[in-house]
1. Does any residue of segment A:54-77 turn out to be within 14 Å of another protein chain (Cβ to nearest Cβ), free of Cβ contacts under 8 Å to residues at least 24 places away in the same chain and either aromatic (Phe, Trp, Tyr) or over 24 Å from A:Arg232 (Cβ atoms) (or both)?
2. Can you tell me which residue in segment B:622-635 is farthest from B:Leu427 (Cα to Cα), limited to those that are within 14 Å of another protein chain (Cβ to nearest Cβ) and either buried (at least 24 other Cβ atoms within 10 Å of the Cβ) or hydroxyl-bearing (Ser, Thr, Tyr) (or both)?
3. Take the residues in segment B:679-716 that are within 14 Å of chain A (Cβ to nearest Cβ) and in a loop (DSSP other than H, G, I, E, B), then tell me which one is farthest from A:Gly97 (Cα to Cα).
4. Inside segment B:397-498, counting only strands (runs of 3 or more DSSP E) that do not spill past its ends, which hold 1 or more residues that are surrounded by fewer than 22 Cβ atoms within 10 Å (Cβ to Cβ) and in contact (Cβ under 8 Å) with a residue 60 or more places away in the chain?
5. Just to be sure before I move on: is B:Ala374 in a helix (DSSP H, G or I) and either charged (D, E, K, R) or touching a residue at least 12 places away in the same chain (Cβ under 8 Å) (or both) in the structure I sent?
6. Restricting to segment A:275-310, what's the tally of residues that are of a type outside the set (Gly, Ala, Ser), touching a helix residue (DSSP H, G or I) at 6+ places or on another chain (Cβ under 6 Å), within 14 Å of chain B (Cβ to nearest Cβ) and not in a loop (DSSP other than H, G, I, E, B)?
7. Mind listing whichever residues of segment B:231-284 are under 23 Å from B:Arg51 (Cβ atoms) and crowded, with 24+ Cβ neighbours inside 10 Å?
8. What is the one condition in (1) in contact with a Gly (Cβ under 9 Å, 6 or more places away or on another chain); (2) within 13 Å of chain B (Cβ to nearest Cβ) that A:Cys156 does not satisfy?
Amino acid sequence: MRSFTYARADTAEQAVRDNDADGCVFIAGGTNLLDLMKLQVETPEKLVDISRLPLAEIEEREDGGLTIGALVPNSDLAADRRVIEKYEVLSRALLAGASGQLRNKASTGGNLLQRTRCYYFYDLASPCNKREPGTGCSAMGGFNRVLAVLGTSEHCIATHPSDMAVAMRALDATVVTLKKDGDKRRISIHDFYRLPGDTPHIETVLEPGELITHVELPAPVEGARHVYRKVRDRASYAFALVSVAGVVTVEDGRIAHAALAFGGLGPMPWRDDAVEAALVGQAPSDAAFGAAADALFRDAQGYGHNDFKIPLARRTLIATLRELTAE
Amino acid sequence: MLGLEKLFGGDDTNALKMDEPHPESLLDTGAQDVIGKPLDRIDGPLKVAGRATYAAEYDLDNVAYGFLVGSTVGKGKVVDLHAEIAKAVPGVIDVITDYKTFLRNPGQGGETKSPTQGVESVDYWGEPVAIVVGESYEAARDGAYRLQQAIDFETKEGRYNLDAYRDEAKTPPPGVIPPDYKQGDVEKALAEAAVTLDATYDTPSQNSAAMELHASIASWDEDGRLTIHGAYQMPSSDRQQLADALGLSKDKVRIIARYVGGGFGSKLGIAPESVAAAVAAKTLGRPVKAVMARQQVFDATVRRSDTEQRVRLGADADGRITAIAHETLGSNLPGEGFFEPTGASTHFVYPGENRLITHRVVELDRLLSGSMRAPGEAVGMLATESAMDELADKIGMDPIELRRRNEPEQDPQKQVPFSTRQVVPALDKGAELFGWDKRKGVAEDRRGEWFHGLGVATAARSNVLQPSAAKVTIDGQGRAIVETDMTDIGTGTYTILAQITAEILGLPIEVVTVHLGDTDAPPGAGSGGSWGAGSSGSSVYLACEALRKQVADKMGVAAETMTMKDGRVIADNRSVPLAELVGDGMSATGEIKPGKQEKETTQASYGAHFVEVAVNAVTGEVRVVRMLGVFAGGRILNEKTARSQCIGGMVFGIGGALTEEIVHDPRNGRVANRDLAEYHVPANADVPQIEVHFLPERDVHANPIHAKGLGELGISGAGAAIANAIHNAVGVRVRSFPITLDKLLDGLPPV
């Protein structure tokens, strides 16, 4: 770990003021950042500690939605009665991630910003365009079992590791931020992440020094069934090979609403309108489910060790859709 | 292996070479009734309270912190170290290297010579080439990372893939077993067999993944004597490795390893941080603490070799085996003699007139391979016990029945008796307890999305007796003190040595103190190869036996007529407090060493594994639902620690079957998954209800305490029982371990 300076903020306004230079990073739970700092994958010059900001509340809004403070720990969010009852997919996704200890420390805002678990990103001696732009991608010719098959570029095939963020995408969450200039912004989670393209080191649309203060969930979809299914190499404490977050309603024998997001497949929590278009208005059937899977993987590309993710995700999606639409 | 040390300790030395059976044991005639009892670990409270001091936790005055710098090429040479880069970091004291002295790789267990030295030329990715020393761990680590990025290496072409160089495989020198064994005519017997099986299995490199990182604190005294507080399994031979590496006599090296946080083979020999710390401490004139980071443990300690194993079995129509061929391939660094003894148990577990067991090694530029928990059996029995299941399938016979029909009456190669052997009783008892009769046909037990299946395998692990010495003292208050440089790596050594002492000397266990892990004490066997309890336990037994005679002399009676219980000596119608007989105290040293018994009998521990798995029909995810092991390993010294050993081994079996795999980057041999997030040992949720049952047994050929090894028995065969259960569940036979879900997908029904 390199030496850094440290500032503790008491208000969000102070936090963005304190984040006053390149190399400045916010720290909340630190469950990912500290690991990366120890390995010098991240070498911030200054940490702005936001862990004491008053952003740890979950509030119901008049429109029926929830506003979740950025510092709400993952374990609290998963255990919140309103979340369990109305946004079950979120609770389930949270509990599928990490371990009890980590969930107690990890924050809602920080979870959205987890860095990839690509083996080469973690090793300073291996070229990595995400860690050090322009050096190349070691994963493509190397070991890539856990890496992405959707949304990759010739520069990066990393996956986003979060479970929570996958559920957030299925729930159409909005990320609320405070910018350095004091402006607040509301960013749809669908616009929040960036594809790697030729700048894989830039993962979100956040501007330098911009602070996530809240995550908003819209009013829950009435009568929806929620499923979060995570497939992994061991029963706990493993990142998703594939995960599916589904929120679906069936009315009069036809799929009325379908929100499906995927983890373990892409550089961001993945959602594809074409998948849902293949389902909405259809009677639940293997043909419709197969068409949804075809839509999901129309541009999929495996890199050898991770080829299996395509059939695995296809099977998982179909089984999940059956569960979501079963009478 | 370990050479017998010169006689050590007090005047009264009771030495025993196991040339003859030892039918009588004082543990059977003791009156204290403490042996075998499931006592809590006497070191347990210290450990849970954080007061058991592990290597890196010693706080020495004026200590500096060292962090190793690993190479970033797989094969090459250091051209320019650029030490100034690290020295510029505030808090960094110096960058130290000694290209000739630093260890290229760790040592193997029991070796007394230095491991391969020399780090200017680089033979594997991550080979430590220097150590950065700082006033703090953080400064040293920062300097080391910056330095690592800056070093100029000349890159040479390396060999990183076993498959690519299989044709250049070599026959290694003899190890714990000979590389080759031939008997009869396997090819002819296979050609004539009613049923044959020919299958090739592979297993990957693995890491021991002990909780405690490798660590050494080196300090030199004014007389040029080096003390290392370190994480070591075998201090007696490790001090000799260190002495040889540093050009010292062994008397000039002291190792202190009172508590060791798991070893599983990775701490049998010295690791690179030890010599680097010693050189740095000498250079700087102050103690240096070097702790390897988790990633460095993966990069530069020791791995279990990857293996490829062709197994051929021939049997008659009744399933009686007539031919066994087990041809194996492993890998290691160039110039290293060790080979994975993959066929170790194949020599004696099943009969068959015609036998072929071979070992070949491909030299690769990847980190050292060496002994990891149950070297040989752990991976060899994945293949052979899977093959037995496949053979049973071919014949259409229950796999337990196949094993019953192939129970040899004596060692099928040496033609000597087994000292004890309870494979069939273990299978029978396990089958009854587990409900084996409820096993269904292949893929016939589907419950919703999950297929269930049952599997079985034999467990076997060779028993080894190592030279071991211990001194036992009865002080003036009638309390006992045990001293040996034997270690407790989490196994329960402290507790079982106290129990043996308490039983023979008739003392409450509370008044027995055990001091371990200090080479100033008599040389113990160390912890490895499951020999710790039998070997060091026997040395303590012999010391106590001698003390009994001394006490009997004081009492004026024959030792055989004397009872010792609750701190009193009872004989000749008298009951005298022990403390009154011993004066200022008395001591004796016990020494055990192997003898003719290990040749005149074949000694091993045996058992049977039963497993139920569930396999997800959609995803191929495998969940172990329950495991049951029945084991016979001679006398059980402490039923609780013995059970823990077996459970730990069975959990290792889950890892070997389902999750554990070091992935070497095909371009440079680098370990790609070098932390515990990506190298998957079973997590709690992967470990089901595990039952362990012991069969009563005494092995009079093994040693005077009649106990055999258990630490590795639990892993031997366990993974194969899982693989066999998976086959029973879904009808897919995976011969490439670990059985990750991607290997099952193609065999699952369509969704």
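The values are calculated or read from the model by the stated rules, or taken from the named source; none is laboratory data. This structure is a prediction, so every number in the text was calculated from the model and none was measured. When we count neighbours, we look across all protein chains shown, and the Cβ atoms used for this are built from the backbone with ideal geometry, even at glycine.
1. No - not one qualifying residue is present in segment A:54-77.
2. Here the residue is B:Val622.
3. Step by step, filter segment B:679-716, then rank; the result is B:Pro688.
4. Because the criterion is at least 1 residues that are surrounded by fewer than 22 Cβ atoms within 10 Å (Cβ to Cβ) and in contact (Cβ under 8 Å) with a residue 60 or more places away in the chain, the strands (runs of 3 or more DSSP E) in segment B:397-498 that meet it are B:450-462, B:468-475.
5. So B:Ala374 does not fit the description; no.
6. Matching residues across segment A:275-310 total 1.
7. Of everything in segment B:231-284, those that are under 23 Å from B:Arg51 (Cβ atoms) and crowded, with 24+ Cβ neighbours inside 10 Å turn out to be B:Ala231, B:Tyr232, B:Gln233, B:Pro235, B:Ile255, B:Ala257, B:Val260, B:Gly263, B:Lys267.
8. Only one criterion in (1) in contact with a Gly (Cβ under 9 Å, 6 or more places away or on another chain); (2) within 13 Å of chain B (Cβ to nearest Cβ) is unmet by A:Cys156, namely (2).
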